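Asks: First, the structure itself, so that you have it in front of you.
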Amino acid sequence: MTYLPANSRYDGMKYNRSGRSGLLLPAVSLGLWHNFGGTDRLENGRAMVRRAFDLGITHFDLANNYGPPAGSAEEAFGQLLKQDLAAYRDELIISTKAGYYMWKGPYGEWGSRKYLVASLDQSLKRMGLEYVDIFYHHRPDPNTPLEETMAALDHIVRQGKALYVGLSNYSAEQTAEASLILQRLGTPCLIHQPSYSMFNRWIEDGLQDVLDAEGIGSIVFSPLAGGLLTNRYLNGIPLDSRAAGPSVFLQSDQITEEKLEKIKLLNAHAAERGQTLAQMALAWVLRGGRVTSALIGASRVEQIDDNVAALRALDFSGDELARIEAILKG
C-alpha cells in the first residue's frame, strides 16, 4: 500500500535553529542506532519511520557502523527511503557518520581523509542517496592531525556529498580547535552530537559554552540514559530489559539502589507535571534552548508517540528545576 504522510505532520512539532545556521531541526529526532539493523524486522522499522515522519520528525540519524551488523541500518533505511519516502526527500534531514571500525586494514576507522571519503561513499551507496544533509566525524582521532580530518569534511561538502558537517564525542577543547579550522576552510561546523541526560551532564562543563560561542548547534544522544529515565526500571530490572541482557550500553551493575531511588523520585515529579518520566527527561535536556534536538531511539511506535508528546510541556519553573537538581545530587 502506498504510504501517504499525514497532512498534519508539521502542526505539533517544534523546530529549532541549529546554532547560527539557517537549518531548522525538529526538537525530537529519530536515531537508527538500534532496532533498524539486519537482525531486526524491517516492517517494524518501517512503521516507526512512518510514524516519526507523520509526527513531524524530519531528521533521521545514522552512522556507518549502525546495525548490527555494521552497515545494515543504512541498508534498511535505504529500502524505506526508496519504498516510502523518496518523494519527500527535500523534507528530510538525513545524517550519517564515520569514525569507528568498519573494515579490515589501516584505512577502516578513525579520521584520515582516506577513511572518511571512502566511508561516506559506502554509506551513500547503502542508502541509495546522492548526498546526506549532515556528515559527522564520529570520534576524535588521536593519531591523525585535526587539520587533515577537518579538511576531509570540507572536501566532502565541496564534492556535494554532504550539505553540512558535524562532530560527535569531541571535548570542549577539541571542538573549539576543530571549529576554528573549519571556519578557516569556509565550511563551518553545523552541529555537535554528544551524550547528555540527567545522569550524564559532562557537556555542561565547558562544551556548551564553546558551542554557544562558536554558533554551533547540538543534538544529544542517550537523553533517556539508555532507558533508565523511563518507567522500565521503577520496580527493579525486568528480565527482558536491556540491562538484563548482553548490552554493552547498559549493564545491571550500573543500576544501583541509589539510582533506582532517584528514578522513583523523578518519576513522581514527572507525574505531578502530567508527564511520563521519559517525557520529562526529554523536556529537561531541551530546557533553556541550549540543545537543538534530542535524539531518541525506539523499538516500538508507541515509544515515538510518548517521546514526541514531551513537547507539550517543555517549560520548567525555577522551583521545579531546583527540585530536580536536589534529587539528582541527593
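The values are calculated or read from the model by the stated rules, or taken from the named source; none is laboratory data. What you are looking at is a predicted structure, and each value in this text was computed from that prediction instead of being measured. Cβ atoms come from the backbone with ideal geometry, glycine included; neighbour counts cover every protein chain shown. Keep in mind that these areas ignore ligands, DNA and RNA; they rest on the heavy atoms of the full protein, side chains included. Shrake-Rupley method; radii C 1.70, N 1.55, O 1.52, S 1.80 Å.
Asks: With +1 on the Cβ of every Lys and Arg and -1 on the Cβ of every Asp and Glu, and nothing else charged, how large is the dipole of segment 60-136 about its Cα centre, in debye rounded to the nearest 20?
Replies: Working: 8 positive and 10 negative charges, 81 e Å.
Its charge dipole is roughly 380 debye.
Asks: Starting with the highest mean, order 180-190, 21-31 by the number of other Cβ atoms within 10 Å, averaged over the residues of each peptide.
Replies: Numbers: 180-190: 18.5, 21-31: 21.0.
Top to bottom by mean Cβ count within 10 Å: 21-31, 180-190.
Asks: Let me ask another. Quick one: what are the phi-derived ³J(HN,Hα) couplings along segment 123-135, Karplus 6.51/-1.76/1.60 with θ = phi - 60°, whole Hz, x for glycine and proline?
Replies: 4, 4, 5, 5, 8, x, 10, 8, 7, 10, 7, 9, 10
Asks: Next question, about the same structure. Kindly flag which residue pairs out of Lys14/Lys125; Lys14/Lys259; Lys97/Lys125; Lys14/Lys264; Lys82/Lys104; Lys97/Lys259 have an alpha-carbon separation exceeding 26 Å in this structure.
Replies: Lys14/Lys125; Lys14/Lys259; Lys14/Lys264; Lys82/Lys104; Lys97/Lys259
Asks: Which values, in whole Å and largest first, are the semi-axes of the equivalent ellipsoid of segment 1-153 obtained as the square root of 5 times each eigenvalue of the Cα gyration tensor? Walk me through the intermediate numbers first.
Replies: Working: eigenvalues 158, 72, 28 Å².
Rounded to whole Å, the semi-axes are 28, 19, 12.
Asks: Of Arg201, Arg139, which has the most accessible area and how do the rest follow, probe 1.4 Å?
Replies: Numbers: Arg201 65, Arg139 40 Å².
Reading off the accessible areas and sorting them downward yields Arg201, Arg139.
Asks: Roughly speaking, what is the stretch gain from Asp121 to Glu177, that is 0.36 nm per residue apart minus the C-alpha to C-alpha distance, in nm to one decimal?
Replies: On the way: separation 56, 0.36 × 56 = 20.16 nm, distance 2.66 nm.
Fully extending the segment from Asp121 to Glu177 adds 17.5 nm.
Asks: Show me the ranking of peptides 40-52, 99-111 by mean Cβ neighbours inside 10 Å, starting with the highest. Mind dumping the intermediate values first?
Replies: On the way: 40-52: 17.7, 99-111: 15.5.
My ranking of the peptides, most packed first, is 40-52, 99-111.
Asks: Probe radius 1.4 Å, ligands and nucleic acids left out: which of Ser317, Ser179, Ser112 has the largest accessible area, and how do the rest follow? All intermediate terms of the calculation are to be shown ahead of the outcome.
Replies: On the way: Ser317 55, Ser179 0, Ser112 25 Å².
Heavy-atom accessible area, descending, gives Ser317, Ser112, Ser179.
Asks: When the Debye formula is applied to the Cα atoms of the chain, each taken as the same point scatterer, what base-10 log of I(q)/I(0) results at q = 0.09, 0.10, 0.14 Å⁻¹?
Replies: After summing over all Cα pairs, the log10 values are -0.46, -0.57, -1.16.
Asks: For Asn200, what charge total do you get from the other residues with a beta carbon under 14 Å from its beta carbon, if Lys and Arg give +1 and Asp and Glu give -1?
Replies: Working: positive: Arg201, Lys259, Lys262; negative: Glu204, Asp205.
Every neighbour counted, the sum reads +1.
Asks: How would you classify segment 1-72 from its alpha-carbon gyration tensor, with a ≥ b ≥ c the square roots of the eigenvalues: rounded for a/c under 1.5, else prolate if a/b is greater than b/c, otherwise oblate? Let's see the in-between values first.
Replies: Numbers: a/c = 3.18, a/b = 1.32, b/c = 2.41.
Taking the square roots of the gyration eigenvalues as a ≥ b ≥ c, segment 1-72 is oblate.
Asks: Hey, another quick one. With the crude spin-label approximation of a point 7 Å out along Cα→Cβ, what separation in nm comes out for His269 versus Tyr15?
Replies: In this crude spin-label approximation the distance works out to 3.3 nm.
Asks: Using only Cα atoms, locate the centre of segment 12-38 and the centre of segment 65-115, then give the distance between them in Å, rounded to an integer.
Replies: Their Cα centres are 16 Å away from one another.
Asks: Ok, one more. Cα to Cα, under 23 Å, and not fewer than 8 places away if on the same chain: which lysines meet these conditions relative to Lys262?
Replies: Result set, ordered by chain and number: Lys329.
Asks: Okay, next question. Give a residue-ordered list of calculated ³J(HN,Hα) values for segment 154-167 (Karplus: 6.51 cos²θ - 1.76 cosθ + 1.60, θ = phi - 60°; whole Hz; x for Gly, Pro).
Replies: Listing the rounded values in order: 4, 4, 5, 5, 5, 6, x, 8, 8, 8, 9, 10, x, 10 Hz.
Asks: So, one more: Note down the nm distance, to one decimal, between modelled labels 7 Å out along Cα→Cβ at Gln159 and at Leu321.
Replies: In this crude label model, Gln159 to Leu321 measures out at 4.3 nm.
Asks: If you don't mind, another one. What is the local net charge at Gly71, summed over the other residues whose Cβ is closer than 11 Å to its Cβ (Lys, Arg +1; Asp, Glu -1)?
Replies: Numbers: positive: Lys125, Arg126; negative: Glu74, Glu75.
Taking every Cβ under 11 Å from that of Gly71, the sum is 0.
Asks: Could I ask something else about it? For the chain, with only Lys/Arg (+1) and Asp/Glu (-1) charged at the beta-carbon, what is the dipole magnitude about the Cα centre, in debye rounded to 20? Walk me through the numbers before you get to the answer.
Replies: Working: 33 positive and 38 negative charges, 105 e Å.
Using Cβ point charges on Lys, Arg, Asp and Glu, the chain gives about 500 debye.
Asks: Assign one of three labels to segment 161-206, namely rounded, prolate or oblate, based on the Cα gyration tensor with a ≥ b ≥ c the square roots of its eigenvalues; rounded applies when a/c is under 1.5, prolate when it is not and a/b is larger than b/c, and oblate otherwise.
Replies: Working: a/c = 3.86, a/b = 1.81, b/c = 2.14.
Because a/c hits 1.5 or more and a/b fails to exceed b/c, segment 161-206 counts as oblate.
Asks: Using only the heavy atoms of the protein chains and a 1.4 Å probe, how would Leu228, Leu265 rank by accessible area, largest first? Let's see the in-between values first.
Replies: Numbers: Leu228 10, Leu265 80 Å².
From most accessible down to least: Leu265, Leu228.
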